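Q: Okay, here's the structure, questions in a sec.
No value in this document is a laboratory result; all are computed from the given coordinates. Treat the numbers as computed from the prediction; the structure is a model and nothing was measured. Counting neighbours? That spans all protein chains shown, and the Cβs are built from the backbone with ideal geometry, glycine included.
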Ligand SMILES: C[S@@+](CC[C@H](N)C(=O)[O-])C[C@H]1O[C@@H](n2cnc3c(N)ncnc32)[C@H](O)[C@@H]1O
């Protein structure tokens, strides 16, 4: 058992109601089936469709599934989806929403670093997204498990916050202020009743763990956000300040916001 992952599980359990209420505000989760693109950033949906053709015939695993928008979108395209999250409370919210959307999804509570509930070579595609790696203490453990559950030739595609966005202060959008060195990975500890442990990996940390797990890198994309909400808060509602997309006003907009990688298990 990974103690830091377990602590993060407690913290996600404690915060699940907050996230449920935030997502219920705009009800966007109801639209993932008809408007699948709202569940993805960083060209991830286009890449999934390009590398994993005939999606309706695929077995897909979403890890660190959180709000499950990607799971809802891919299930509505006909894929057989398994949704894995470490927090039972996060999964309970997702399960309730899947029922409301009449989607048949297999929900599994597990640490992504220990997927023993899932057999070897099971999936055509594994996917993770936005804000997953920040919770992971054991990068190689997670990537080795992803590799194991993928069938030979299967793809692991993810997008996440680009490492170049991590060292800056978020206090004021109009100034760019370094608050830690790029190489300071952490963990940073959010103290409180349920302390949580966050990691800010560098590009090299991610790429080396991918390579060491045996996955091959097929494509890398560094992109801006599609909407100014990225710079505002955690809502999915459209951002209200379009000026934040201009790097002359918001200097961090001059750096990539998303890192998207397509990796493949060897045949
Ligand atoms: C910020 S959310 C983002 C997830 C998803 N991409 C989304 O957009 O909702 C992070 C999710 O990862 C889950 N998580 C954190 N650590 C995990 C781990 N070790 N294994 C599996 N899931 C984990 C949390 O419970 C939470 O639901």
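Q: Scan segment 8-22 for residues that are surrounded by 18 or more Cβ atoms within 10 Å (Cβ to Cβ) and either more than 9 Å from the ligand (Cβ to nearest atom) or not in a helix (DSSP H, G or I) (or both) and jot them down.
A: 20
Q: Looking only at segment 126-137, decide whether some residue is under 30 Å from residue 241 (Cα atoms), near the ligand (Cβ under 10 Å from one of its atoms), assigned to a helix (DSSP H, G or I) and in contact with a strand residue (DSSP E or B) (Cβ under 6 Å, 6 or more places away or on another chain).
A: Checked segment 126-137: at least one residue is under 30 Å from residue 241 (Cα atoms), near the ligand (Cβ under 10 Å from one of its atoms), assigned to a helix (DSSP H, G or I) and in contact with a strand residue (DSSP E or B) (Cβ under 6 Å, 6 or more places away or on another chain).
Q: Oh, and also: Select from segment 37-64 the residues that are surrounded by 20 or more Cβ atoms within 10 Å (Cβ to Cβ) and part of a helix (DSSP H, G or I) and list them in ascending order.
A: Result: 39, 44, 45, 47, 48.
Q: Do we have any residue at all in segment 158-171 that's surrounded by 15 or more Cβ atoms within 10 Å (Cβ to Cβ), in contact with a helix residue (DSSP H, G or I) (Cβ under 6 Å, 6 or more places away or on another chain) and assigned to a loop (DSSP other than H, G, I, E, B)?
A: Within segment 158-171, not a single residue is surrounded by 15 or more Cβ atoms within 10 Å (Cβ to Cβ), in contact with a helix residue (DSSP H, G or I) (Cβ under 6 Å, 6 or more places away or on another chain) and assigned to a loop (DSSP other than H, G, I, E, B).
Conditions (1) exposed (fewer than 15 other Cβ atoms within 10 Å of the Cβ); (2) outside any loop (DSSP other than H, G, I, E, B), marked per residue:
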residue	(1), (2)
206	no, yes
217	yes, yes
226	no, no
233	yes, no
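Q: Restricting to segment 76-90, name every residue that is free of Cβ contacts under 8 Å to residues at least 60 places away in the same chain, surrounded by fewer than 24 Cβ atoms within 10 Å (Cβ to Cβ) and within 23 Å of residue 236 (Cα to Cα).
A: Scanning segment 76-90 gives 76, 77.
Q: Another question, if that's okay. So which residues in segment 134-146 are buried (at least 21 other Cβ atoms within 10 Å of the Cβ) and closer than 27 Å to residue 225 by Cβ? Spell out the reasoning first.
A: Here is the first cut: in segment 134-146, the ones buried (at least 21 other Cβ atoms within 10 Å of the Cβ) are 135-136, 142-143, 145-146.
Correct list: 135, 136, 142, 143, 146.
Q: Something else now. Residue 47 is checked against (1) more than 26 Å from residue 256 (Cβ to Cβ); (2) away from the ligand (no atom under 12 Å from the Cβ) and fails just one. What number does that condition carry?
A: So the condition that residue 47 fails would be (1).
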